[in-house]
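Data block below; observations after.
Since every read-out is calculated from the coordinates, none of them should be taken as a lab result. Values in this document were obtained by computation on a predicted structure and should not be read as measured data. All Cβ positions, glycine included, derive from the backbone under ideal geometry; neighbour counts span all protein chains shown.
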Amino acid sequence: MALQTWHKYQALLNMIGFLVYLRAPEHYQAIMQLSEDESITLHFDPPTLPAKREITLFEAPSETIAISSTDIRNRIRQGQHFEHLLPETIANAIKEKRLYA
């Protein structure tokens, strides 16, 4: 999901920096467009801790799975298995607190 689709993303850009883990080529294009549209400074490997209005990009290794937090929340709401997509402690906390259900 592109950062530009987040609720009040511009306010977030003015408060914090982002570390972005690129999972697909279209993510890179979306970040480049955001950088141009919002005058965001981009950093590439080696990692740097970004300040507000900065983004540090990382490329995902090829063995990563293409799934987003939105996909995981939708799986939970639809009663589908999601546990294999998260660390065990996080999956357990989501189940115990009945988050996203």
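Round to the nearest 10 and give me the degree value, 0 to 90, for the angle of helix 88-97's Cα axis relative to the longest principal axis of the chain.
With both axes taken from Cα atoms, the answer is about 70 degrees.
Where in the range 6-49 are there chymotrypsin sites (Phe, Trp or Tyr not before Pro) that are in a DSSP coil and have at most 15 other Cβ atoms within 10 angstrom of their Cβ?
Answer by residue number: 6, 44.
Can you pull out the GluC sites (Glu not before Pro) in the range 12-101 whose DSSP state is coil and whose Cβ has at most 15 other Cβ atoms within 10 Å?
63
When the Karplus curve 6.51 cos²θ - 1.76 cosθ + 1.60 is applied with θ = phi - 60°, which whole-Hz ³J(HN,Hα) does each residue of the range 6-23 get, with x for Gly and Pro?
Along the range 6-23, the couplings run 6, 5, 6, 4, 5, 5, 4, 4, 7, 9, 9, x, 10, 9, 10, 9, 6, 9 Hz.
Hey, in the GNM for the chain with a 10 angstrom Cα cutoff, which one of 89, 48, 70 fluctuates hardest?
Evaluated over the chain, the most mobile residue of the options is 89.
So how do 97, 52 line up by other beta-carbon neighbours within 10 Å, fewest first?
Final ranking by Cβ density, sparse to dense: 97, 52.
Regarding the chain, what's the average projected area of the Cα-atom convex hull, expressed in nm²?
Convex hull of Cα atoms, orientation-averaged projection: 7.5 nm².
Report, in degrees rounded to the nearest 10, the 0 to 90 angle that the Cα long axis of helix 25-38 makes with the longest principal axis of the chain.
50
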